[in-house]
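See structure below.
The values are calculated or read from the model by the stated rules, or taken from the named source; none is laboratory data. Just so you know, these numbers come straight off a predicted model, no measurement behind them. With ideal geometry, Cβ positions are generated from the backbone for all residues, glycine too; neighbour counts draw on all protein chains shown. We work out accessible area using only protein heavy atoms, side chains counted, and drop any ligands, DNA or RNA first. Shrake-Rupley method; radii C 1.70, N 1.55, O 1.52, S 1.80 Å.
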Amino acid sequence: MAFDESGKIWFNGKFVDWKEANIHVLSHVVHYGSSVFEGIRCYNTKQGPAIFRLEEHVARLYNSAKIYRMDVPYSQKEFREAILETVEINGLKACYIRPVIFRGYAELGVYPLNCPVESVVAAWAWGKYLGEEALEMGVDVGVSSWRRMAPDTMPNMAKAGSNYMNSQLAKMESLFNGYHEAIMLDYSGMVSEGSGENIFLVKDGILYTPPISSSLLNGITRDSIITLARDMGLEVIEQHIPREMLYLAEELFLTGTAAEVTPIRSVDQIIIGEGVRGQLTRRLQDSFFKILEGKAEDQYHWLTYLD
Ligand code: PPE
């Protein structure tokens with residue numbers, strides 16, 4: 001059990017005991033994957049617990065719901081309050097927050113609009129996504145034989161539960177092949193993203209990342225890193241990236257709420273750069289974590305303090 005089950009979960013507007021936060025097996029979401037969700041981190045800064053980019057995460061959640069025609073019966077402000085209260089009521093400091101909006105129990109059949117839209121916020125302590133050493137030592141990744149969804153199949157800009165069936169295939173394959181993570185290509189064969197992270201590379205001192213049109217989730221960490229890099233005077237280019245450009249990169253790293261900024265040390269067993277965390281990766285990690293620890297000024301207003 002990865003959870004401490006003593007906490008409370010916000011479920012359709014009320015806090016319920018962890019073990020009482022249940023749904024019926026005939027809920028629409030169980031059969032057809034009808035959910036959208038977020039992953040958000042709360043950091044225990046020097047000035048107390050603070051949620052990273054709360055407004056942007058809730059906005060993306062509502063955008064995901066919009067794509068699937070889900071009417072959320074709360075305002076974004078109410079949802080932000082629910083998230084803050086969930087962290088507070090559970091006495092958490094540094095934690096991972098998982099809001100989910102899904103189609104509930106009423107009838108089955110693909111047409112979803114007769115099923116109620118239900119909302120949940122849970123939070124728990126979640127450590128390093130790709131292992132304790134990953135942030136320093138880097139991870140080994142393999143390009144997956146599973147592609148990311150083509151743009152006219154599943155919307156990648158929706159952070160929908162069903163998209164993660166595709167991620168699961170890639171993630172399982174990569175672990176069975178001895179890697180820590182999978183990199184997926186898009187429908188045209190260009191680099192897209194990891195199973196749960198965006199990807200960046202450094203070549204000739206320039207930072208590259210695939211564009212939104214490469215079938216990827218518009219990551220909030222991705223946006224944060226682009227902002228920090230430009231502020232450091234780095235050139236950042238969003239462009240289509242062929243697979244071999246990964247092999248020839250000086251540095252490579254993954255970004256995501258769970259993975260934060262994780263260096264990649266090899267791709268398909270080809271060593272990247274020196275095979276260790278690169279200089280720019282380290283500088284970007286430093287400026288990212290300084291803000292999250294409350295050690296640098298929060299000049300972009302990325303933090304929402306609990307109190
Ligand atoms: N792409 C995918 C497919 C993805 O799942 C994530 C987040 C990102 C990019 C980065 O997005 P952002 O968190 O806004 O920077 N993945 C979430 C879920 C991971 C999981 O295993 O569950 C996360 O990092 O919270």
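Can you find, within the range 104-161, the residue that is farthest from residue 57 (Cα to Cα) among those that are modelled with pLDDT of 95 or more and basic (Lys, Arg)? Filtering first and then ranking leaves 147.
Condition check ((1) of a type in the set (Asp, Glu); (2) in the same structural domain as residue 265 (by TED's automatic domain parsing); (3) within 15 Å of the ligand (Cβ to nearest atom); (4) open to solvent by 30 Å² or more (accessible area, probe 1.4 Å)) across all residues:
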| residue | (1), (2), (3), (4) |
| --- | --- |
| 193 | yes, yes, yes, no |
| 203 | no, yes, no, yes |
| 215 | no, yes, yes, no |
| 219 | no, yes, yes, no |
| 231 | yes, yes, no, yes |
| 248 | no, yes, no, yes |
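Sort out for me the strands (runs of 3 or more DSSP E) sitting completely within the range 14-88 that have 2 or more residues that are more than 16 Å from the ligand (Cβ to nearest atom) and in contact (Cβ under 8 Å) with a residue 12 or more places away in the chain.
Details: elements: 14-17, 35-37, 40-45, 48-52.
Fully inside the range 14-88 and qualifying: 40-45, 48-52.
Kindly establish whether residue 199 is within 14 Å of the ligand (Cβ to nearest atom) and either assigned to a strand (DSSP E or B) or open to solvent by less than 40 Å² (accessible area, probe 1.4 Å) (or both). For residue 199, the condition - within 14 Å of the ligand (Cβ to nearest atom) and either assigned to a strand (DSSP E or B) or open to solvent by less than 40 Å² (accessible area, probe 1.4 Å) (or both) - is met.
The rows are residues; the columns are (1) more than 15 Å from the ligand (Cβ to nearest atom); (2) open to solvent by 60 Å² or more (accessible area, probe 1.4 Å); (3) farther than 26 Å from residue 38 by Cα.
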residue: 235; (1), (2), (3): yes, yes, yes
residue: 238; (1), (2), (3): no, yes, no
residue: 243; (1), (2), (3): yes, yes, yes
residue: 255; (1), (2), (3): no, no, no
residue: 266; (1), (2), (3): yes, no, yes
residue: 275; (1), (2), (3): yes, no, yes
residue: 280; (1), (2), (3): yes, no, yes
residue: 287; (1), (2), (3): yes, no, no
residue: 304; (1), (2), (3): yes, no, no
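Kindly check whether there is at least one residue in the range 106-118 that is within 18 Å of the chain's Cα centre (by Cα) and touching a residue at least 24 places away in the same chain (Cβ under 8 Å). The answer is no, given that none of the residues of the range 106-118 is within 18 Å of the chain's Cα centre (by Cα) and touching a residue at least 24 places away in the same chain (Cβ under 8 Å).
Tell me which residues, restricted to the range 175-212, are of a type in the set (S, T, N, Q) and within 24 Å of residue 284 (Cβ to Cβ).
Passing the criteria: 192, 195, 198, 209.
Taking the condition closer than 30 Å to residue 14 by Cα and hydroxyl-bearing (Ser, Thr, Tyr), does residue 187 pass?
No: the conditions fail for residue 187.
Kindly indicate whether any position in the range 149-168 is on the phi > 0 side of the Ramachandran plot, open to solvent by 40 Å² or more (accessible area, probe 1.4 Å) and part of a loop (DSSP other than H, G, I, E, B). The answer is no; no qualifying residue exists.
If you go through the range 95-116 and keep only what is open to solvent by 30 Å² or more (accessible area, probe 1.4 Å), in contact with a strand residue (DSSP E or B) (Cβ under 7 Å, 6 or more places away or on another chain) and more than 16 Å from the ligand (Cβ to nearest atom), you end up with just 112.
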